[in-house]
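What follows is one structure encoded as structure tokens, with my remarks underneath.
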Amino acid sequence: MTALWASGDIATATRGAASVDFAVSGVAFDSREVGPGDLFVALKGEATDGHRFLDQAFAQGAAGAIVSDDCSYPHVRVADSFAALEDLARASRARTEARIIGVTGSVGKTSAKEALYACLDRIWRGQAHRSVLSYNNHTGVPLSLSRMPAATRAAVLEMGMNHAGELAHLTTLVRPHVAIVTAIAPAHTEFFRDESAIADAKGEIFAGLEAGGTAIVPYGSPHRDRLIAAAQPHAARIVTFGTDKAADVRAVEA
């Protein structure tokens with residue numbers, strides 16, 4: 001087993017205490033997805049408590065857990081397991097030298113992520129990383145980051161949101177070198193007054209750009225200028241894409 005995290009590193013990152021020495025090769029917070037060698041993060045939610053599934057997780061081969069309650073299995077005890085997951089994500093981002101691409105948008109996020117990953121994996125076979133499935137929310141993004149091996153050369157991470165301010169937080173975890181908005185469309189309209197407000201929320205991704213970073217926006221979007229304005233304070237370079245001849249990068253007939 002190639003260790004993704006050692007218990008001491010987990011404890012340091014989360015300001016927790018390890019019960020024993022152990023090493024893990026993966027991370028999961030859904031006990032149904034735990035496999036041999038994984039770290040199980042016992043999250044407390046509104047509907048259930050991950051600590052109830054510790055037996056199941058270890059029966060499926062978990063090598064250790066992050067817990068905030070008493071536990072008889074190998075574990076790192078923390079004050080708050082969700083905060084610990086985010087801390088582990090930050091530690092993962094801090095230790096890597098990978099180039100990071102962040103992707104958001106009302107539609108096309110997962111397709112763009114998968115297409116980019118396919119390209120990156122051809123360049124750096126076995127050293128490219130991507131988001132778990134379409135896990136792109138406040139738990140999925142830190143999970144995907146915490147699963148990123150230290151030796152990763154490039155990663156593409158999907159970020160979603162339902163409310164203003166959510167991407168502003170997620171992008172500080174991801175700290176992308178390249179931030180992409182695929183499209184703006186009327187999604188989650190119950191939480192936004194209009195599409196302009198959706199564009200503003202999607203544009204939050206640019207605030208997390210690393211120095212010298214690149215923002216990529218859809219040329220044909222009626223909210224293009226709004227997105228460019230959001231990117232300008234943070235991006236060293238802004239690139240447009242689309243089918244219009246004026247786009248910096250455009251699709252053409254083969």
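A short reminder: the numbers here are calculations on the coordinates, not readings from a lab. Predicted model, so just to flag it, every value in this text is computed and none were measured. Every residue, glycine among them, receives a Cβ derived from its backbone with ideal geometry; neighbour counts consider all protein chains shown.
The H on the amide N of GLY64, modeled in the peptide plane, is under 5 Å from the matching H of PHE40, each at least 5 residues off or on a different chain.
Say we join alpha carbon atoms closer than 10 Å with springs in a Gaussian network model of the chain; which of ILE123, ILE238, ILE228 then has the biggest fluctuation? Comparing ILE123, ILE238, ILE228 in a Gaussian network model of the chain, the most mobile one is ILE123.
A simple rule links phi to the HN-Hα coupling: the Karplus curve 6.51 cos²θ - 1.76 cosθ + 1.60 with θ = phi - 60°, which for segment 87-92 gives 4, 5, 4, 4, 5, 5 Hz, with x for Gly and Pro. Along its principal axes, segment 69-143 has C-alpha extents of 44, 29, 21 angstrom, given from the largest down. Computed from the alpha carbon positions, the gyration tensor of segment 5-89 leads to an equivalent ellipsoid with semi-axes of 16, 15, 11 Å, biggest first. For ILE238, the residues whose amide H sits under 5 Å from its own are ALA215, ignoring neighbours fewer than 5 places away on the same chain, with H placed 1.01 Å from N. What would the Debye equation give as log₁₀ I(q)/I(0) for segment 123-254 at q = 0.10, 0.13, 0.16, 0.19 Å⁻¹, counting only Cα atoms as equal point scatterers? Computed log10 I(q)/I(0) values: -0.34, -0.57, -0.86, -1.14. Note on segment 104-188: the C-alpha convex hull projects to 5.3 nm² when averaged across all orientations. Sites listed here are trypsin sites (Lys or Arg not before Pro) in segment 145-232 whose DSSP assignment is loop and whose Cβ has at most 10 other Cβ atoms within 10 Å: ARG193. Label-to-label distance for THR172 and ASP49 is 2.9 nm, based on points extended 7 Å past Cα in the beta-carbon direction. In terms of overall dimensions, the C-alpha atoms belonging to the chain reach 62, 41, 31 Å along their principal axes, ordered largest to smallest.
For segment 185-244 versus segment 98-172, the inter-centroid distance based on Cα atoms is 17 Å.
Taking a straight Cα-Cα cut-off under 13 Å and skipping sequence neighbours fewer than 8 places away in the same chain, the aspartates and glutamates within cross-link reach of LYS113 are ASP121, GLU158.
Under 26 Å of direct C-alpha separation, and excluding same-chain neighbours fewer than eight residues apart, LYS109 reaches these lysines: LYS202, LYS245.
Out of GLY45, GLY242, GLY35, any idea which swings most in a Gaussian network model of the chain, alpha carbons joined below 10 Å? It is GLY45. The GluC sites (Glu not before Pro) of segment 189-254 that meet both conditions, a loop assignment by DSSP and at most 11 other Cβ atoms within 10 Å of the site Cβ, are GLU253. Residue-wise HN-Hα couplings along segment 152-167, as the Karplus relation 6.51 cos²θ - 1.76 cosθ + 1.60 with θ = phi - 60° gives them from phi, are 4, 9, 8, 9, 10, 10, 8, 10, x, 7, 10, 9, 4, x, 5, 5 Hz; Gly and Pro carry x. Near ARG130, the amide H atoms lying under 5 Å from its own belong to VAL156; only residues 5 or more places off or on other chains count, and H is placed 1.01 Å from N.
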